[in-house]
Structure formats: C-alpha cells, structure tokens
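These notes concern the structure reproduced below.
The values are calculated or read from the model by the stated rules, or taken from the named source; none is laboratory data. Keep in mind that this is a model prediction, so the values were computed, not measured. Quick reminder, even Gly has a Cβ in these numbers, built from the backbone with ideal geometry, and neighbours come from all protein chains shown. The accessibility values were calculated without ligands, DNA or RNA, using every heavy atom of the protein model including side chains. Shrake-Rupley method; radii C 1.70, N 1.55, O 1.52, S 1.80 Å.
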Amino acid sequence: MDKSLDVKLAALASDPACQAFILADAKDADMAFGIASPGKDAAGRLRSLTEFRDQIREIVAQGLVDIMLMSASTSELLTIRERIFDASPVTPAVRANDSSDIHLVRGGRYASMASRPFASTTIDHIQAGKRPCTQAERSTGANLGLYSVTFNNDPERDLKVLEAYKAFRLEAEEKGFQHFLEVFHPNVPPELHGLAPEQIPHFANDHIARMLAGVPSRSRPRFLKIPYAGPQALEELCAYDPSLIVGVLGGSAGTTLDAFALLYEARRHGARVALFGRKINAAEDQLCFVQHLRWVADDQLQPAEAVKAYHAALQAKGITPRRSLSRDLELTSTVVSHAGG
C-alpha cells in the first residue's frame, strides 16, 4: 500500500507552499521513561507494555497518522513479526538513538546534565531485527528512524554530538536507511549554556543551518523535529531553506486546547509535521483524540471547536473527561503562549 508519508513528502518537495501536513504518533516512550512509559489508564493504574502495544495496533488500524514512531523492540514485534504495516498507509519508524538527556528514569538526574551521545539499537536491528543481516532482510523491518541531537553551547560536548550524528548519517547512507532529525534545546541550566531565553531558538536554528550545510541531499534528514518556540523562530527557519521540511514536537500533555492550539499555530507559521506522544498517550480516548488532531491538521476544525467536538464525542461514548470542558478550553502551555495566545 502507498504510504501517506511518501505522498505528502513528494507533494511538499514539489511545492513547499502546499498544505500537506504530516502527523506522527510518538510511541517510543519506553526508550525514555521506563516502567511509566505506557502512561496510566482511567483508574490511575500504570498500563503494561502489552497494553501500550495494543494502543499502537489500534491507531495503526485507524490509519489517520502518517508515522508511528516506536522503540526497536516494539517495531520488531509489530513491523517484522506481525506485519501490521504491510496493508496500512502508516509508515513505521524507530527511535535510532537515545542520548543521555532522554534517560528519564525515576530518581535519575541525567536530563539536567549535559547530553551524551548513545544508541541502544542499530540500523541493522531496525531494518531486519538481527545483525548481521542480508540486503534482502533489510526490507522486513522499518526503514525510517528518528535521530536526536542536543547542543549545549559547550565545544567539547557539542563536537561529540556532531561526530556521533556524522557516523550515523554515513552508515545510514550506506544501508539505504532514511531518518528525520530532532534538535532539542539545551538541556543544562542557563548558567552552563550561557544563553538568554530569547537566544535559544535562534541558537538551535543556526546549528541546524550550519550542520546541514555540509550534508548532501542523499544524506540529509527527510524532515526536522524541533520544539515550537513561537512564530518568529519557526518562520525564520522555514524561510531560510524552503526545501527543508520543519516539524514540531508535542511536548507535555497539558490541556486538550494546548495540544490543538500548538498544532494550529505551528502549521500557521510554516510547520508541516507534528509529532505528538504524551498528548496522545494521556488522552481519554486515543483514537478519538487522533481523529480531532487530524481535523485540526487538515484545517477542518479550529482548536476551540475541536476541543468542544472532542468532549461531545467522549460524552457520546460514555467516557468521563479528566477535565471539565471549560478547564479543557484553557491555554496552560507556555509553548503555545509564545504565539500570542
């Protein structure tokens, strides 16, 4: 089956101003949060990894997201063994590295310390579930990975980040593996990175432009994933190189309006991809939430309209929302407030 991701990327390559929008569900939390990664059910009980994977199966069957991002172990089960993506428009993807700043274990302090490059998995394991593997076996698994980098304004640390990404890119090019690039803002305290808050998004933009200037088309990421830091920084990056497709990450759960408004504002200011993880995982009904995200992404509903429609859908299903409608219509995210409310 044709993948909706390929169709939309081709449309954006032909016309960067087209309104095609790529939506991804980031179900790779088990590479960050450990036991807590599947989230909690309506009763407040931690879900199991089995339940987490059942939700992935349901969302893939729904077919409204363009990408399903997973850990290598989950992809081995669902992509290679169960083949759930073979007859689906959804593209499987795997987190290709898990640097130390996403080691969000209970009691850990790694997220506040300078990021160190690391990858639990390999390209061979993502593509074939084994190493070594034949060329034919590479087509059995996923062929798209997320690679993330974090720059902290520290020459020694940042150089190691760049060297690790270069090694990954070269191997990916040799093995025909595609990737998209996530660029985080500094994860160390301000006194260590030395940047004023308003400088941070431009610091990241310049790193992206400078880094990719040395990368030919065959080795470049298919698109970017960055924190949304307001319209100015996003528009600056999109205008600099219209051939570069820019996406935003969803961030923390927040209210339902936080999620829909972030998607709406990012799209309005040039983003053509959005990856939501915790916002989908924390939803009362994930399939219903994804449906409404899709309507906002395709400009069929405004954010506040989508919140009201989502609550109406929950009511029709007999599902009690975690927040009242009035509470869910509040903007609580400082990320969205960057866009002027």
Just one of the numbered conditions (1) in contact (Cβ under 8 Å) with a residue 40 or more places away in the chain; (2) under 23 Å from the mean Cα position of the chain (by Cα); (3) assigned to a loop (DSSP other than H, G, I, E, B) is not true of Ala306; which one? (3)
Is it true that Gly145 is within 19 Å of the chain's Cα centre (by Cα) and not β-branched (Val, Ile, Thr)? yes
Going through segment 111-166 one residue at a time, which ones are under 21 Å from Arg222 (Cα atoms) and of a type in the set (Phe, Trp, Tyr)? Tyr147, Phe151, Tyr165
Taking the conditions exactly as written (touching a residue at least 12 places away in the same chain (Cβ under 8 Å), surrounded by fewer than 16 Cβ atoms within 10 Å (Cβ to Cβ), over 19 Å from Phe177 (Cα atoms) and of a type in the set (A, V, I, L, M)), does Ala253 satisfy them or not? no
Checking Ser252 against (1) assigned to a helix (DSSP H, G or I); (2) among the hydroxyl-bearing types (Ser, Thr, Tyr); (3) closer than 21 Å to Ile200 by Cβ, which test does it fail? (1)
Working carefully through the options Glu198, Glu182, Glu174, find the one that is farther than 30 Å from Arg83 by Cβ and of a type in the set (Asp, Glu). Glu198
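For every residue, the table says whether it meets (1) of a type in the set (A, V, I, L, M); (2) more than 16 Å from the chain's Cα centre (by Cα); (3) open to solvent by less than 20 Å² (accessible area, probe 1.4 Å).
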residue: Lys175; (1), (2), (3): no, yes, no
residue: Asn205; (1), (2), (3): no, yes, yes
residue: Ser243; (1), (2), (3): no, yes, no
residue: Leu262; (1), (2), (3): yes, no, yes
Could you tell me which numbered condition Gln135 fails, if it satisfies all but one of (1) surrounded by 18 or more Cβ atoms within 10 Å (Cβ to Cβ); (2) under 23 Å from Val94 (Cα atoms)? (1)
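For every residue, the table says whether it meets (1) of a type in the set (S, T, N, Q); (2) in contact with a Pro (Cβ under 7 Å, 6 or more places away or on another chain); (3) within 24 Å of Ala42 (Cα to Cα).
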| site | (1), (2), (3) |
| --- | --- |
| Ala261 | no, yes, no |
| Ala271 | no, no, no |
| Leu275 | no, no, yes |
| Leu314 | no, yes, yes |
Tally, over segment 1-56, of residues that are among the polar types (S, T, N, Q), closer than 28 Å to Phe223 by Cα and open to solvent by 20 Å² or more (accessible area, probe 1.4 Å): 4
Filtered residues of segment 304-341 (kept if surrounded by 15 or more Cβ atoms within 10 Å (Cβ to Cβ), at pLDDT 95 or above and hydroxyl-bearing (Ser, Thr, Tyr)): Tyr310
Residues in segment 100-116 that are farther than 24 Å from Leu78 by Cα, open to solvent by less than 60 Å² (accessible area, probe 1.4 Å) and either without any contact (Cβ under 8 Å) to a residue 60 or more places away in the chain or in contact with a Lys or Arg (Cβ under 9 Å, 6 or more places away or on another chain) (or both): how many? 5
With the checklist (1) assigned to a loop (DSSP other than H, G, I, E, B); (2) farther than 23 Å from Leu195 by Cβ in hand, flag the one item Arg116 doesn't pass. (2)
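Residue-by-condition table, conditions (1) touching a strand residue (DSSP E or B) at 6+ places or on another chain (Cβ under 6 Å); (2) aromatic (Phe, Trp, Tyr); (3) within 27 Å of Cys238 (Cα to Cα):
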residue: Val7; (1), (2), (3): no, no, yes
residue: Gln19; (1), (2), (3): no, no, yes
residue: Ala26; (1), (2), (3): yes, no, yes
residue: Gly34; (1), (2), (3): no, no, no
residue: Arg45; (1), (2), (3): no, no, no
residue: Glu51; (1), (2), (3): no, no, no
residue: Gln55; (1), (2), (3): no, no, no
residue: Val60; (1), (2), (3): yes, no, no
residue: Gly63; (1), (2), (3): no, no, no
Could you say which residue among Ile123, Ile84, Ile59, Ile80 is modelled with pLDDT of 95 or more, in contact with an Asp or Glu (Cβ under 9 Å, 6 or more places away or on another chain) and more than 29 Å from Met211 (Cα to Cα)? Ile59
Inside segment 267-297, can you point out the residues that are among the charged types (D, E, K, R), modelled with pLDDT of 95 or more and assigned to a helix (DSSP H, G or I)? Arg267, Arg268, Arg294
